[in-house]
Amino acid sequence: MAQRRMFSKKVTDTDTFLDMPLSTQALYFHLNMHADDDGFIDNTKTIQRMIGSSDDDRKLLVAKQFIIPFENGLVVIKDWRVHNYIQGDRYHKTQYINEKSQLVVEENNMYTKRVQDVSNMDTQVRLGKDRLGKDSKDILSSSDEPDHVPYKEIVDYLNEKTGSKYRSSGSKTKSLIKARTNEGFSLDDFKTVIEKKAKEWSDTNMEKYLRPETLFGTKFEGYLNEKQSANQKQIGYGKQKHQGIVPKFLQGKV
């Protein structure tokens, strides 16, 4: 099997790709790196555990038409032939002959399933772009088990500390929070990260990053374990001390 993989900006620079959570984008890159020479992956779950990704990330890749699933758990990268051209002397044919026979290579080098073999599940993969937002939201919210993740409490706390108006119902925000809770982080962990970064970044050029995609992304654990410097702890005291030494006749004029 060839040891190098390529990525086309025709795929990874699109708004559809870049609008996905960073954890979903990371899963896509790792799936490409672990695929065989025809773009098939048979250990998606293992890769998810390895990088801390969730089932929601995989479902979103299906909904956004970046991977095509099979009933046996196998997936194939839809744009595999757009990304990669492997020379004949390095190419090793996939062992998944049956699944490959269900695919057609379109003129734009993308895989699609043969119409007569498409199941109800696979129909989601070929939905039109006008349905992607709705279907990805439905997929993220569907689960065999009740979803007890405190989305609203987390987002409300963020809005309270930053003066923002983010919605807890957004599929992108929910997928980020769900991914972190799947990794074992608690409500208190979310509040700690929000409080730390709000104190550190408010009234600085970093204030614009007080948003769900930054705070709840793949750097969440790093933010949680950051140690506050003495300067950060004394910011409020320093401001009061500085204000206290301003002569009364200058106060209100500085």
Item to check | From the options 19, 57, residue that is farther than 22 Å from residue 112 by Cβ, of a type in the set (Asp, Glu) and open to solvent by 10 Å² or more (accessible area, probe 1.4 Å) | outcome: 19
Checklist entry - Restricting attention to the range 47-59, does a residue exist that is over 21 Å from residue 184 (Cβ atoms) and out of contact with any Lys or Arg (no Cβ under 9 Å at 6 or more places or on another chain)? => result no
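Quick grid of which residues meet (1) more than 16 Å from the chain's Cα centre (by Cα); (2) more than 21 Å from residue 212 (Cβ to Cβ):
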residue: 5; (1), (2): yes, yes
residue: 8; (1), (2): yes, yes
residue: 14; (1), (2): no, yes
residue: 20; (1), (2): no, no
residue: 27; (1), (2): no, no
residue: 37; (1), (2): yes, yes
Checklist entry - Does residue 139 count as open to solvent by less than 60 Å² (accessible area, probe 1.4 Å), among the aliphatic types (A, V, I, L, M) and either farther than 21 Å from residue 23 by Cβ or modelled with pLDDT of 95 or more (or both)? => result no
Checklist entry - Before we move on, is residue 204 at pLDDT below 95 and polar (S, T, N, Q)? => result yes
Item to check | Residues of the range 173-216 satisfying the condition of being under 17 Å from residue 25 (Cα atoms) and either surrounded by 18 or more Cβ atoms within 10 Å (Cβ to Cβ) or among the aliphatic types (A, V, I, L, M) (or both) | outcome: 173, 174, 175, 176, 177, 178, 179, 180, 212, 215, 216
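A quick yes/no check of all residues on (1) more than 21 Å from residue 89 (Cα to Cα); (2) open to solvent by 80 Å² or more (accessible area, probe 1.4 Å); (3) touching a residue at least 24 places away in the same chain (Cβ under 8 Å):
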{"position": "4", "(1), (2), (3)": "no, yes, no"}
{"position": "9", "(1), (2), (3)": "yes, yes, no"}
{"position": "15", "(1), (2), (3)": "yes, yes, no"}
{"position": "33", "(1), (2), (3)": "no, yes, yes"}
{"position": "39", "(1), (2), (3)": "no, no, yes"}
Checklist entry - Which residues, counting only those in the range 94-120, are modelled with pLDDT under 90 and open to solvent by 100 Å² or more (accessible area, probe 1.4 Å)? => result 107, 115, 116, 120
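The values are calculated or read from the model by the stated rules, or taken from the named source; none is laboratory data. Treat the numbers as computed from the prediction; the structure is a model and nothing was measured. When we count neighbours, we look across all protein chains shown, and the Cβ atoms used for this are built from the backbone with ideal geometry, even at glycine. What goes into the accessible areas is simple: the full protein's heavy atoms, side chains included, and nothing from ligands, DNA or RNA. Shrake-Rupley method; radii C 1.70, N 1.55, O 1.52, S 1.80 Å.
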